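What follows is a single structure, written as C-alpha cells, with notes after it.
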Amino acid sequence: MNAMTTTTKETATGTATAAPVLEASGVTMRFGGLTAVRDVDLTVREGEIVGLIGPNGAGKTTFFNCLTGLYVPTEGQVSYKGTVLPPKPHLVTQAGIARTFQNIRLFSNMTVLENVLVGRHTRTKEGLWSALLRGPGFRKAEAASRERAMELLEFVGLASKAEHLARNLPYGEQRKLEIARALASDPGLLLLDEPTAGMNQSETRTTEELVFAIRDRGIAVLVIEHDMKFIFKLCDRVAVLVQGEKLVEGTSEVVQGDERVVAAYLGTPYEGAPGAEEAAEVEAAEAHAAAEAQEAEEAGDAAAPESAEDDEAAEADEGTAPEDTAPSDDTPAAGTGKASGADSTTEGDSK
Ligand SMILES: Nc1ncnc2c1ncn2[C@@H]1O[C@H](COP(=O)(O)OP(=O)(O)OP(=O)(O)O)[C@@H](O)[C@H]1O
Ligand SMILES: [Mg+2]
C-alpha cells in the first residue's frame, strides 16, 4: 500500500488540455420501448478521475456496458485514444479498457492469485485456456506473470491472501481483488461500477486512496458510485445521469451546487422544472383538503364520539393500504437483476 500516498485531486498535468482517453458520443441504448441511455456524450482525459452518478435505474451500468462492448449501442460510438472501438468485450479489453462489475464477478473456487492471473491473459500470448490448463507455454510465461500479479495484489493490499480461495475473502476484499484483476490487463482506462458498495467506512477510505494511486500510475478512471462523499472527494469531473440522459456535468463543486441534481435524487421538482407548476398546485390542493378534513374532524369530535361502525370502516381501509402502496415497476434495485444478465455474457466472452 506504499504506492497510495496521494490524497488530493491534483493531477500531474492540467486535465483540460490532456489528450482524451475515452470519447463516447451520442450513445443511446434502447431495450424495446425503453430508452435506458439517451444520446450521452462523455470524455475522459489522461490523468482524470471522472464520476458517473445518478439515481437507481438511471442507466449508469447500461452506459458502462455500451462502453465495454457488452451491449451494442443502438446509436452512437465509443473511441479509445482516438480509435473507434468495435463493440466486442475482448477487443475493448485488448485496446486498453478494463472494468469491474456492480455484481462481483470472480472465479470463486480459484485462489486470489489465480484470479489475477486470469485477468492477465489478454496481455500474454498464451491465452486463457493455456493459463487454466497450465500448458508448457504458460509455464514459461508464468514466472513473469506471477510476479506482476503479486505486485498488483501488493498494490491493492491483498498480497498476504494470494493463496486464499476468492470465495473466502470478505466482501470488501473481493471488490479489491476485482480491481487487481482488472489492472492485470494493463489498461489505460479503468471503469469501476460501485467499487465501495457493501464496504465499511474504513474500507471505503482505503479504496479512495487506491483510486488516487491508480490514477497516479497513469490510468484514467471512470467511476460509478452512490457514495457522494467518495465521488466528490475523488473526481475531477462528475457527470449526472437521470433517466438515461446526462443532466449536468462539471466539477464536484458545480454538481453539488446544482439544484437539478438535488431534485433528481430527492424526486422533488425544482423551480422551472417541467411539471413544477402542476406539482405546486397539487401540493396546495392537498394542504387545503387536509385543513378541511382537520376542521371537519374537530367539529365531529365536538358533536359526537366516533361510532363502532366508523372504526370498522377504518380498519378495512387499512387492510387495503399495502396494495395501494405496492412498489411500482420503477422502484430502485432493478439494477442488480439485469446487470447479472449482462455479466454472464461477460463470463462467456472472456474465454
Ligand atoms: N438488458 C436489459 N434489458 C432490458 N432493460 C434493461 C437491460 N439492462 C438495463 N435495463 C434497464 O435500463 C434501465 C437502466 O438500468 P441500469 O442498470 O443501467 O441503471 P443504473 O443507473 O446502473 O442503476 P443502479 O444505480 O441501480 O445500478 C433500467 O430501467 C433497467 O431496467
Ligand atoms: Mg448500476
Please list 3J(HN,Hα) in residue order for the stretch 235-251, calculated via the Karplus relation 6.51 cos²θ - 1.76 cosθ + 1.60 where θ = phi - 60°; whole Hz, with x for glycine and proline. 8, 6, 8, 10, 10, 10, 9, 9, 6, x, 10, 7, 7, 8, 9, x, 5
Given the C-alpha centroids of the stretch 201-242 and the stretch 79-106, what is the distance between them in whole angstrom? 19
Rounded to one decimal in nm, the spacing of the 7 Å Cα→Cβ label points at Ala280 and Tyr265 is 2.5
Taking the Cα-to-Cβ direction at Leu133 and at Thr17 and moving 7 Å from each Cα, how far apart do the two end points lie in nm? 5.3
So what J values fall out for the stretch 207-221 if you push phi through Karplus, 6.51 cos²θ - 1.76 cosθ + 1.60 with θ = phi - 60°, rounded to Hz, Gly and Pro as x? 5, 4, 4, 5, 5, 4, 5, 5, 4, 5, 7, x, 9, 6, 10
In order through the stretch 29-40: 3J(HN,Hα) via Karplus (6.51 cos²θ - 1.76 cosθ + 1.60), integer Hz, x for Gly, Pro: 10, 10, 10, x, x, 8, 9, 7, 9, 10, 6, 8
By per-residue mean of other Cβ atoms within 10 Å, what is the highest-first order of 147-153, 29-35, 289-295, 210-216? 210-216, 147-153, 29-35, 289-295
Which net charge results for the neighbourhood of Gly82, defined as the other residues with beta-carbon distances under 15 angstrom from its beta-carbon, given Lys and Arg at +1 and Asp and Glu at -1? 0
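Every number here is computed from the coordinates shown, using simple stated rules; none is lab data. Quick caveat: nothing in here was measured; it's all calculated off a predicted structure. Cβ atoms come from the backbone with ideal geometry, glycine included; neighbour counts cover every protein chain shown.
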